[in-house]
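Q: Quick one: the structure is below, questions incoming.
The values are calculated or read from the model by the stated rules, or taken from the named source; none is laboratory data. These numbers come from a predicted model, not from an experiment. Backbone-built Cβ (ideal geometry, glycine too); neighbour counts: all protein chains shown.
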């Protein structure tokens, strides 16, 4: 008798062969054909239920440029498997033609040149068009938001996330989980959640005082005669990655045993037919969890911003990764019968903003939300002569520019900038507006500090961050990308254990080796410490760009990487 895993493996193989995942042969074909909205939405309906997934939008209401990572190193069992495959290797793995629309959307290859051909991506009015089209074809669809939605732009900062709340309400979301939402503070989160027309899910969010669940762990949605249990999993490392003083009454964590108990409750007591985990764990954490927690059919993964064009099968669970910044919408059609997922069909839909017609109602709402800030958003601060991008394990040119601004404006020898994954790109020749600056740094704790730090402490900071990223156990990977540095170079051996990865720290201005016993002037931002003082990072960046007028930041080689 065929097992469920064997059945799903067969479905996945068929998906890859016949393009049912939306890639494979289609990627090659599209290189020779003009893109159309109908082509992007083309999908052969399958089964009796559809999931629609968006995640990590980071408050990007308008179309943007977003360059995918050039460096995304996997360690341990994750080495060499998606999403830790980039560039040409990624294209080869998924059968995508160089220069095609998919190559532009999914990799960094020839990004600036292809951007001029294919245009910006995303825009919530285009996302709305896609969601409405899927719902028209599949009325029994469920739209789920993986979190990191309310934060990441000037308008979201000014409205404390309300602009995004209004947009997602209009989109018709049926459940969400969270991460950066909490950086508006627990009182603001509670205020928004109390008014949401859909559940705010977090099986792993507990009340600190009573050590009891603080939010709904799951919701049950009935569509097409199918009972679907949707479990929410918030970002587990909130108090480490973000300021705990902003949400002191709550604790998080992976809570694997709790996840298994909730799955068992849904399967046993609630008699659901399908279990979906709406997760903000990050891909590698979800990959490990899928192999250890039994009974989850689908994990809609988020946090690490990975866009993977085909589902990843772990045991009897499929992982769906839907990218970030509104660049993609995932459609997952499922055949659910007799309390089992019998098969699936998937498409990662790229949101090419020049191809997809904006939804008029959503476009109007977006303009209404932006109207009070329009003049400020559109004010031109400078121009870039080079590609400005962030995403990748080590320095990006946007962060190099930020570090230059900190060193210049705060008179610091060394600058540190957090390795956050959010923040769109700009292509050569673009104006730099105030909105662009905020898209790269907008947050509720953006003060730029200036401190004295010993050489020993600098190394400790880099070692700690490195272990948060490159620990071979995904459950100990608690960070984003590597902290960005300015005025400093170093070497990192990813294969070495914690405390031994970082070496050759050097001041780039003088070539002088960092002395563990000496102190250095360090500027940085996004400190998790309460009471941090200093100007806001966006003001520091704007002042620097206004002085230079036109900026050019070429990729720097201040980090030497081995062992990856």
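Q: Can you name every residue in the stretch 192-207 that is closer than 27 Å to residue 157 by Cβ and surrounded by fewer than 14 Cβ atoms within 10 Å (Cβ to Cβ)?
A: Within the stretch 192-207, 194, 195, 197 qualify.
Q: Being under 24 Å from residue 423 (Cα atoms) and not in a helix (DSSP H, G or I): is that true of residue 313 here?
A: Considered against the rule, which asks whether it is under 24 Å from residue 423 (Cα atoms) and not in a helix (DSSP H, G or I), residue 313 comes out as no.
Q: Mind listing whichever residues of the stretch 65-81 are in contact with a strand residue (DSSP E or B) (Cβ under 7 Å, 6 or more places away or on another chain) and surrounded by fewer than 24 Cβ atoms within 10 Å (Cβ to Cβ)?
A: 65, the sole residue that qualifies.
Q: Residue 229 - would you say it is out of contact with any helix residue (DSSP H, G or I) (no Cβ under 7 Å at 6 or more places or on another chain), crowded, with 22+ Cβ neighbours inside 10 Å and either under 24 Å from residue 372 (Cα atoms) or assigned by TED's automatic domain parsing to the domain that holds residue 299 (or both)?
A: No; evaluated as a whole, the condition is false for this residue.
Q: I've got another one for you. Out of 448, 461, which single residue is in contact with a helix residue (DSSP H, G or I) (Cβ under 7 Å, 6 or more places away or on another chain), on the phi < 0 side of the Ramachandran plot and not in a loop (DSSP other than H, G, I, E, B)?
A: None of the others qualify; the one that does is 448.
Q: Specify which of the listed residues (523, 549) is under 30 Å from residue 426 (Cβ atoms), in contact with a helix residue (DSSP H, G or I) (Cβ under 7 Å, 6 or more places away or on another chain) and in the same structural domain as residue 389 (by TED's automatic domain parsing).
A: Unique residue meeting the criteria: 523.
Q: Find all pairs meeting these conditions: Cβ atoms under 9 angstrom apart; at least six residues apart or on different chains; first residue within the stretch 289-300 and at negative phi; second residue at pLDDT below 95 and in a strand (DSSP E or B).
A: So the pair list comes out as 297/340.
Q: Scan the stretch 244-254 for residues that are surrounded by fewer than 21 Cβ atoms within 10 Å (Cβ to Cβ) and in a loop (DSSP other than H, G, I, E, B) and report the count.
A: Here the count works out to 4.
Each row is one residue, and each column tells you yes or no for (1) touching a helix residue (DSSP H, G or I) at 6+ places or on another chain (Cβ under 8 Å); (2) modelled with pLDDT of 95 or more; (3) outside any helix (DSSP H, G or I).
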site	(1), (2), (3)
262	no, yes, no
265	no, yes, no
270	no, yes, yes
276	no, yes, yes
286	no, yes, no
290	no, yes, no
294	yes, yes, yes
300	no, yes, yes
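Q: I'd like to verify a number: residues in the stretch 450-465 that are within 21 Å of residue 481 (Cα to Cα) and touching a strand residue (DSSP E or B) at 6+ places or on another chain (Cβ under 6 Å), how many?
A: Total satisfying the criteria: 3.
Q: Now, a different point. Please give the strands (runs of 3 or more DSSP E) falling wholly within the stretch 317-418 in which 1 or more residues are touching a helix residue (DSSP H, G or I) at 6+ places or on another chain (Cβ under 7 Å) and buried (at least 24 other Cβ atoms within 10 Å of the Cβ).
A: 317-321, 328-337, 340-350, 414-417
Q: Shifting gears a bit: Inside the stretch 212-240, can you point out the residues that are at pLDDT below 95 and over 28 Å from residue 334 (Cα atoms)?
A: Selection gives 239, 240.
Q: Okay, moving on. Name the single residue that is modelled with the lowest pLDDT among those in the stretch 551-564 being out of contact with any strand residue (DSSP E or B) (no Cβ under 6 Å at 6 or more places or on another chain) and part of a loop (DSSP other than H, G, I, E, B).
A: Top of the filtered list is 564.
Q: In the stretch 521-550, what count of residues is obtained for those that are in a strand (DSSP E or B), surrounded by fewer than 20 Cβ atoms within 10 Å (Cβ to Cβ) and touching a strand residue (DSSP E or B) at 6+ places or on another chain (Cβ under 6 Å)?
A: Residues in the stretch 521-550 being in a strand (DSSP E or B), surrounded by fewer than 20 Cβ atoms within 10 Å (Cβ to Cβ) and touching a strand residue (DSSP E or B) at 6+ places or on another chain (Cβ under 6 Å): 1 in total.
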